[in-house]
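Input: a single structure, listed below in structure tokens.
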Amino acid sequence: MAVIEEIRTVGVIGAGQMGNGIAHVCALAGYSVLLNDQDESRIDAALDTIQHNMSRQVTRGAITHDDMMGALKRISKATALTQFESVDLAIESATEKEDVKNQIFLTLRPILRPDAMLASNTSSISITRLAARTDRPDRFIGVHFMNPVPVMKLVELIRGLATSQETYDTSIRFVESLGKTIANAEDFPAFIVNRVLIPMINEAVYTLYEGVGSVEAIDKAMRLGANHPMGPLELADFIGLDTCLSIMQVLNEGLADTKYRPCPLLVKYVEAGWLGRKTQRGFYDYRGERPSPTR
């Protein structure tokens, strides 16, 4: 069966940082959006975040007040995946755990229309393997948005082995309609951006672990010495140390090269539940007036 030619309604699964950003840009681009999460309070928090972020865009003159009000009206809460029966495209943006994603795809099987497309916002997991667990591998594609979604221009588009040309072509039109720029990536672990970025962060953690420099020194060195807008440890906190670790584990397992071994210190921070900004502690402590290094 051919894929839907024109996408009008988008379902987003996962109302976290990435999911609410995807809902935000889709609604602004004129799509009707259903935003789902297994925790309804997370959907409510996401809607508040979207309104706050759009208000900032209005203040900066990036969008008008009417643009914001129209977009907010196009986003609806979906407390159950059964509400996805009418969507043209479902985008999974759940946690970076393959078993969680597979369970979502299994739940969607009897719900999605036969011609609907299915996409994953995974930042590292094999699109071919994820697609094989669905009932529509030809209508499955990787659409990896960057964080924060409303600000970052790039989207990595990743075809699985079974992804049809129609699905790919429709995905290009969809992503470009959001005002994003596409980088095509082959279906290798972590694709392009995270294949380069996350090992750099892991090396910064090794640099800290081995005592080469402090948290402040490492971040200062990369900001001022390499002209990075954010130091690698500060960036790790922003991404989430659990996400960084998951991607390193995917690289380590998928490429079987010791250079992708996650730093033991990164593992220790995740085991402690110090995951970065979202838990108020990571390489920096965010509970005071200003972030302070935890090491």
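None of the figures in this text is laboratory data; all of them are computed from the coordinates on show. This one's a predicted model, so the numbers in the text were calculated from it and none came from an experiment. Every residue, glycine among them, receives a Cβ derived from its backbone with ideal geometry; neighbour counts consider all protein chains shown.
Counting other beta carbons within 10 Å of each residue's own, what order do 228, 144, 52 fall into, fewest first?
52, 228, 144
Taking the Cα atoms of the stretch 27-125, report the difference between the largest and smallest coordinate on each principal axis, in whole Å and largest first.
42, 26, 25
Over the alpha carbons of the stretch 195-293, what is the largest minus smallest coordinate on each principal axis, giving the biggest first in Å?
42, 30, 23
Evaluate Rg over Rh across the stretch 249-288, taking Cα atoms for both radii and Kirkwood's formula for Rh.
That ratio is 1.13, to two decimals.
Expressed as a rounded percentage, what relative contact order does the stretch 195-293 have, with Cα pairs under 8 Å and six or more residues apart?
Rounded, it is 26 percent for the stretch 195-293.
I need the phi-derived Karplus couplings for the stretch 201-206: 6.51 cos²θ - 1.76 cosθ + 1.60, θ = phi - 60°, integer Hz, Gly and Pro marked x.
5, 4, 5, 5, 5, 4
Using amide H atoms built in the peptide plane, which far-off residues or other-chain residues are under 5 Å from residue 284 H to H?
Close amide H contacts, sequence-distant or interchain: 294.
Report Rg(Cα)/(2.2 N^0.38 Å) for the stretch 9-185, keeping two decimals.
0.96
Quick one: net charge of residue 41's neighbours, Cβ under 12 Å, K/R +1, D/E -1?
-3
Tell me, which longest segment in the chain has none of the GluC sites (Glu not before Pro) that fall in DSSP loops with at most 14 further Cβ atoms within 10 Å?
Longest gap between qualifying sites, sites excluded: 7-185.
What does the helix-only formula give at 222 nm for the chain: each DSSP H stretch with n ≥ 4 adding -39500 (n - 2.57), the total divided by the residues, and the result rounded to the nearest 500 deg cm²/dmol?
Dividing the helical sum by the residues of the chain leaves -14000 deg cm²/dmol.
Where does the stretch 1-62 land on Rg(C-alpha)/(2.2 N^0.38 Å)?
Its radius of gyration relative to the 2.2 N^0.38 Å reference: 1.23.
Would you mind calculating the relative contact order of the chain from Cα pairs under 8 angstrom and at least 6 residues apart, reporting the percent as a whole number?
13 percent
Provide the convex hull volume over Cα atoms per residue for the chain, in Å³.
133 Å³
Quick one: which residues, 5+ away or cross-chain, put their amide H under 5 Å from the amide H of residue 122? H built at 1.01 Å from N.
Distant-sequence amide H within range of residue 122: 143.
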